[in-house]
1. State the number of residues belonging to segment 228-246 that are surrounded by fewer than 10 Cβ atoms within 10 Å (Cβ to Cβ), in a helix (DSSP H, G or I) and either at pLDDT below 95 or of a type in the set (S, T, N, Q) (or both).
2. Being open to solvent by 80 Å² or more (accessible area, probe 1.4 Å), under 12 Å from Glu121 (Cβ atoms) and charged (D, E, K, R) is the filter here, so list the residues in segment 137-150 that pass it.
3. Please verify whether Ala65 is open to solvent by less than 60 Å² (accessible area, probe 1.4 Å), farther than 21 Å from Phe141 by Cβ and either at pLDDT 95 or above or hydrophobic (A, V, I, L, M, F, W, C) (or both), treating the condition exactly as stated.
4. Looking at segment 147-182, which of its residues are free of Cβ contacts under 8 Å to residues at least 40 places away in the same chain and closer than 17 Å to Ala97 by Cα?
5. Assess whether Pro101 counts as being within 24 Å of Asn14 (Cβ to Cβ) and touching a helix residue (DSSP H, G or I) at 6+ places or on another chain (Cβ under 8 Å).
6. Can you name every residue in segment 91-117 that is more than 20 Å from the chain's Cα centre (by Cα) and of a type in the set (S, T, N, Q)?
7. Within segment 27-43, which residues are at pLDDT 85 or above and open to solvent by 50 Å² or more (accessible area, probe 1.4 Å)?
8. On the given criteria, is Val87 assigned to a loop (DSSP other than H, G, I, E, B) and either in contact with a Cys (Cβ under 9 Å, 6 or more places away or on another chain) or open to solvent by less than 40 Å² (accessible area, probe 1.4 Å) (or both)?
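The values are calculated or read from the model by the stated rules, or taken from the named source; none is laboratory data. The model shown is predicted, which means the values in this text are computed figures rather than measured ones. Here the Cβ is made from the backbone with ideal geometry for all residues, glycine too, and neighbour counts use every protein chain on show. Keep in mind that these areas ignore ligands, DNA and RNA; they rest on the heavy atoms of the full protein, side chains included. Shrake-Rupley method; radii C 1.70, N 1.55, O 1.52, S 1.80 Å.
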Amino acid sequence: MRVAILGYGNLGWNLEKQLTNSGVEVSQIFTNDTSSSVTFQRLDQLDPRTELLFVCKSDSLISSALESLSETDLNSSCIVAHTSGSVSLQNSRFRDAVFYPFQTFIKEYRANWNGVPVFIETEIEEVKSILSEIAMKIDCFANELNSDQRKRLHIAGVFSSNFPNHLIRLMFDYLKASHLESELIKPLLTEAVRKSFDLGPKLAQTGPAVRGDDNVIKDHLKLLKEDPELHALYTMFTDGIQNAKQ
């Protein structure tokens with residue numbers, strides 16, 4: 001199968017590496033990043049015989065990417081699968097699909113694909129089978145979700161990955177300012193996630209908020225007055241944990 005990738009950012013880079021390592025040859029990569037280490041092509045050089053094209057563009061650029069594809073000689077039988085969690089299944093002249101790996105990606109940092117769920121949406125059974133097979137080849141497992149479900153899952157992804165990562169960044173800065181090593185919190189973070197999935201987050205919750213230790217909370221807030229953002233976040237999360245207890 002002739003496979004190509006349009007877009008070589010965080011996901012495109014990782015997808016190309018995983019496909020290649022799994023024995024799926026990526027024949028062409030299209031990117032505007034001229035600093036990329038790969039040989040890139042202009043879209044007018046797209047092989048019309050391409051059978052599967054992954055569109056790894058940012059959400060706001062997917063529609064325009066499909067419009068650009070319609071101006072090429074690409075065969076209408078080609079499967080064009082975008083990889084977004086929040087963009088609905090498109091309606092172009094190709095065999096449209098969604099291939100959404102539910103994982104976090106950074107370019108030049110190899111992601112862990114093992115057991116990652118890939119959410120597929122298409123109205124064509126044959127396309128569903130082909131994309132499911134691709135998912136298995138790259139060590140993932142395929143699931144079906146419609147556009148509304150996928151958008152809701154994407155929200156869950158933002159809350160469970162992007163927001164906690166921002167909190168970790170704030171803690172790195174806080175620890176550095178306090179002359180403490182950031183590595184100190186790594187075992188704690190790892191155990192907190194493990195416990196939440198093993199016991200459920202309600203049983204896994206610990207700390208002064210769930211204990212109702214008002215003296216500790218007041219002392220923490222006193223220390224955090226020098227950092228308004230952390231003070232506000234501490235207050236918000238403490239209130240949320242205590243309200244969840246009721």
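1. Within segment 228-246, residues that are surrounded by fewer than 10 Cβ atoms within 10 Å (Cβ to Cβ), in a helix (DSSP H, G or I) and either at pLDDT below 95 or of a type in the set (S, T, N, Q) (or both) number 1.
2. Of everything in segment 137-150, those that are open to solvent by 80 Å² or more (accessible area, probe 1.4 Å), under 12 Å from Glu121 (Cβ atoms) and charged (D, E, K, R) turn out to be Glu144, Asp148.
3. Yes.
4. Within segment 147-182, Asp148, Gln149 meet the criteria.
5. yes
6. Passing the criteria: Asn91, Ser92.
7. Selection gives Ser27 alone.
8. It is true that Val87 is assigned to a loop (DSSP other than H, G, I, E, B) and either in contact with a Cys (Cβ under 9 Å, 6 or more places away or on another chain) or open to solvent by less than 40 Å² (accessible area, probe 1.4 Å) (or both).
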